[in-house]
Amino acid sequence: MKMFELIKDQIKEIKKIVFVTGAGISQESGIPTFRGKDGLWRNYDAMKLATIDAFYENPKLIWEWYNERRCNIFAASPNQGHKAIAELEKYVEVVILTQNIDGLHQKAGSSKVLELHGSIVKIKCTVCDFKDEIVTEFLEIPPLCKCGNILRPNVVWFGESLPQDIWQKAIILSSQCDLMVIAGTSLVVSPANTLPIYAKQNHAILIEINPEKTEMSSEMDLVLRNTSANALPELVSIFKNN
Ligand code: APR
């Protein structure tokens, strides 16, 4: 396979790599994506499950949905795509900016992961400042805070801002990278889909790994119509052997 021929000539100049990842990178670990053929938002209405209004309307329903996803995610293992990115740290500076809440990059051993949309392991109070990590699959429904109010998953829902400290770091890292690899994201959700623009302003090489076309495919220097578990190990082998 010669998927990454483009970067072979420039490999010596690539010091900092940023990965922007989305649900597609975990698809081969058995976690469904949101859009596309088997996407969650085909069978479920995002506005009824992933907004604060939906949560206040029916916290029990939302928590049941999250419990089911926690079970699925906790049982999942990182695939060859996650593992390849983790291995790449041995050869070059790597940071992952992920929209995923599943923690599989960390499970694979990656040390620099910024979770743009929060984490399914984390919970927070809807009223006070309480935050925690809960590693069991099931939470009693609806979980209550010591202050008496309802706890919610510490994830970013539609209409909510990203954690600002993480987002500012993501912008800076994207603006400073030499190569950005965008894997498994439809790039339809803002503001994460603006990160490639910051990389482009720094004249970084942009590579998209996605079996399907995305809104930004035409902006890429290289598009690989392949799955991340197939393509990413080859990227690592180039850095390993050069
Ligand atoms: N390898 C690489 N890409 C894949 C694979 C695979 N094995 N399988 C599917 N894909 C691609 C799909 O073609 C699609 O473009 O992954 C992309 C997944 O897109 P989405 O389901 O839209 O996921 P994502 O981009 O992460 O969504 C962004 O939307 O609902 C919100 O908060 C949620 O973080 C999520 C955000």
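No value in this document is a laboratory result; all are computed from the given coordinates. What you are looking at is a predicted structure, and each value in this text was computed from that prediction instead of being measured. Positions of Cβ are backbone-derived with ideal geometry, glycine not excepted, and every protein chain shown enters the neighbour counts.
Residues of segment 78-115 with backbone nitrogen within less than 18 Å of a virtual label 7 Å along the Cα-to-Cβ line of I166, please, listed as ranges.
Those under the cut-off are 95-115.
What does the extension gain come out to for H203 and C147, with contour length at 0.36 nm per residue minus their alpha carbon separation?
Working: separation 56, 0.36 × 56 = 20.16 nm, distance 4.97 nm.
Full extension from H203 to C147 adds 15.2 nm.
Pop a pseudo-label 7 angstrom from the Cα along the beta-carbon direction at both K37 and K107 and give the gap in nm to one decimal.
The modelled label-to-label distance comes out at 2.3 nm.
E87: net charge of surrounding residues, Cβ under 15 Å, Lys/Arg +1, Asp/Glu -1, itself excluded?
+2
Whole-Hz Karplus ³J(HN,Hα) for segment 94-100, in order, using 6.51 cos²θ - 1.76 cosθ + 1.60 and θ = phi - 60°, x for Gly and Pro?
Each residue's phi maps through the Karplus curve to give 10, 10, 10, 10, 10, 8, 7 Hz.
With r defined as the distance between the Cβ atoms of K122 and E5 and R0 fixed at 45 Å, what FRET efficiency is calculated, to the nearest 0.05?
In this case the efficiency is close to 0.65.
Can you tell me the length gained on complete extension of the stretch N241 to S190, counting 0.36 nm per residue apart and subtracting the Cα distance?
14.7 nm
Ranked highest first by average number of other Cβ atoms within 10 Å, how do 111-123, 65-77 line up?
111-123, 65-77
Normalized C-alpha radius of gyration of the chain, against 2.2 N^0.38 Å?
1.03
Sequence gap at least 6, Cα distance under 8 Å: using those rules, report the relative contact order of segment 126-206 to the nearest whole percent.
Relative contact order, segment 126-206: 24 percent.
For E93, put the label point 7 Å out on the Cα→Cβ axis and report which residues of segment 174-195 keep their amide N under 20 Å from it.
Backbone N within reach: 174-182, 195.
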